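The values are calculated or read from the model by the stated rules, or taken from the named source; none is laboratory data. Quick caveat, the model's predicted, so the values are computed rather than measured. Because the Cβ atoms are built from the backbone with ideal geometry, glycine has one as well, and the counts that use them run over all protein chains shown.
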Ligand SMILES: Nc1ncnc2c1ncn2[C@@H]1O[C@H](COP(=O)(O)OP(=O)(O)O)[C@@H](O)[C@H]1O
Ligand SMILES: [Mg+2]
């Protein structure tokens, strides 16, 4: 069966004409004057491949993504090795401008097979933005944490400020204090706050910058380090990709670009800690335009790509039911997430005497099967001191039980202090009120 192809690049008449004269595996169904026309033709279901015969510089990851979402593979012609590498990074196959028509036709067939799942390599990595928001089989989209590649830890929690940012920022600080190279990423597209919490005067929206570079195929380890703000603490330093400065800038955090940012982040850091937003709704429910940027893409893509997900809930009669409902939504949206459940702001004034026991009992009755991994105490003095100083708990309240409990979640046992504030469910059962 012949593959319908659309082309752009009128100056390459030789190539396009050559394809037409093959009368074989590919059929040129439309010659477009520019990329927007090509996109429109593809969205109408006309083609399965697009040949960008000149002007490949205008191809971005999000455009390639949109074409991939409607089942169109992209092949571009270039004689520049640098441009070919950039194109590869955004999921585009390339060929030399002098390529023989028969060879080009084979490349087109390969790229189409690749897109439809018959190939291997990096092209499919960015080809399907919808995958970010479509429930996928357990483990299907999980990145194996290959040796030498950074681990991604995502911190999520339902609406109502359960403490996602506090936990994420302090996890980053504790891991940096352990000597790890850490990149903290603010991917909360509703209420980015990492910069404010760390006292950074940063208005640069580092994550949006990184996404923009990734979209253009220009993000590498060096540029990522450049757009990430360095943060020094007494015990170690790390880097931060700050969040969007206004909630209406969420369109700058597209799933396809974000996946490329995380891919690069894994190369530059041992651990990438991501502070996410609360909302898990798939945008198809919000919009009929499946090509539109997706409101919750940043959170959903972060959760999909994470090796470990912490789900943080607030320890009170509002926070716990929200967490229970939120975990069910998380299970539906990102089945492979397998979150580690953490209850924050634990205090007897909100749940009664022996708060951990009370919470444990309520969880056994109403909660999902997943165990409560840790209870983080409420400590307004410690968190306020940290906020006031624009610092982390390891500086503002180094001996606080809250700081130790967060450290104990992520640090190697040898690094932990003797006093234990994180309880396994078995240990908890032995506790008296
Ligand atoms: N364990 C805690 N004890 C006291 N205050 C806390 C605790 N955890 C978080 N907070 C405070 O609660 C507020 C919301 O926390 P934040 O981390 O910004 O929530 P989220 O990111 O989930 O919206 C902040 O003022 C923070 O300092
Ligand atoms: Mg937050």
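Things worth noting here:
- Filtering 139, 202 for residues that are in contact with a helix residue (DSSP H, G or I) (Cβ under 7 Å, 6 or more places away or on another chain), modelled with pLDDT under 95 and at positive phi leaves a single hit, 139.
- The residues in the range 194-218 that are in a loop (DSSP other than H, G, I, E, B) and in contact (Cβ under 8 Å) with a residue 60 or more places away in the chain can be counted, and the count is 6.
- Which listed residue, of 312, 324, is buried (at least 24 other Cβ atoms within 10 Å of the Cβ), in contact with a strand residue (DSSP E or B) (Cβ under 9 Å, 6 or more places away or on another chain), within 15 Å of residue 157 (Cβ to Cβ) and at pLDDT 95 or above: 312
- Pairs are defined by a Cβ separation below 8 Å, a sequence spacing of at least 6 or placement on different chains, a first member in the range 178-192 that is within 10 Å of residue 244 (Cβ to Cβ) and outside the structural domain of residue 227 (by TED's automatic domain parsing), and a second member that is assigned to a strand (DSSP E or B) and within 8 Å of ligand 2 (Cβ to nearest atom); no pair meets this definition.
- Per the listing 270, 289, 248, 275, the residue uniquely surrounded by fewer than 24 Cβ atoms within 10 Å (Cβ to Cβ) and either at pLDDT 95 or above or within 16 Å of ligand 1 (Cβ to nearest atom) (or both) is 270.
- Only one of the numbered conditions (1) more than 27 Å from the chain's Cα centre (by Cα); (2) over 16 Å from residue 171 (Cβ atoms); (3) free of Cβ contacts under 8 Å to residues at least 12 places away in the same chain is not met by residue 355, and that is (3).
- Boolean, residue 246 is in contact (Cβ under 8 Å) with a residue 12 or more places away in the chain and out of contact with any helix residue (DSSP H, G or I) (no Cβ under 8 Å at 6 or more places or on another chain): no
- Residue that is nearest to ligand 2 (Cβ to nearest atom), among those in the range 160-169 that are within 18 Å of residue 394 (Cβ to Cβ) and in contact with a strand residue (DSSP E or B) (Cβ under 6 Å, 6 or more places away or on another chain): 165
- Meets criteria (farther than 27 Å from residue 294 by Cα and within 13 Å of ligand 2 (Cβ to nearest atom)) for residue 184: no
- Restricting the search to helices (runs of 4 or more DSSP H) fully inside the range 254-371 and requiring at least 1 residues that are farther than 30 Å from residue 221 by Cβ and more than 16 Å from ligand 2 (Cβ to nearest atom) gives 319-333, 348-351, 355-366.
Residue-wise test of (1) within 23 Å of residue 150 (Cα to Cα); (2) more than 16 Å from ligand 1 (Cβ to nearest atom).
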residue	(1), (2)
194	yes, no
204	no, yes
212	yes, yes
219	yes, yes
230	yes, yes
260	yes, yes
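- Checked against (1) within 15 Å of residue 271 (Cβ to Cβ); (2) surrounded by 15 or more Cβ atoms within 10 Å (Cβ to Cβ); (3) modelled with pLDDT of 95 or more, residue 163 passes all but a single condition, namely (1).
- Among the residues of the range 379-400, not a single one is modelled with pLDDT under 75, outside any helix (DSSP H, G or I) and over 21 Å from residue 310 (Cβ atoms).
- Of the residues making up the range 363-370, at least one is touching a residue at least 40 places away in the same chain (Cβ under 8 Å) and within 26 Å of the chain's Cα centre (by Cα).
- Considered as a group, the residues in the range 386-402 that are farther than 13 Å from residue 163 by Cβ and near ligand 1 (Cβ under 10 Å from one of its atoms) include one that is surrounded by the fewest Cβ atoms within 10 Å (Cβ to Cβ), and that residue is 401.
- Residue among 173, 157, 191 that is within 14 Å of ligand 2 (Cβ to nearest atom), surrounded by 18 or more Cβ atoms within 10 Å (Cβ to Cβ) and either closer than 23 Å to residue 254 by Cβ or at pLDDT 95 or above (or both): 157
- Scanning the range 231-253 for residues that are under 13 Å from the mean Cα position of the chain (by Cα) and more than 14 Å from residue 190 (Cα to Cα) yields a single hit, 241.
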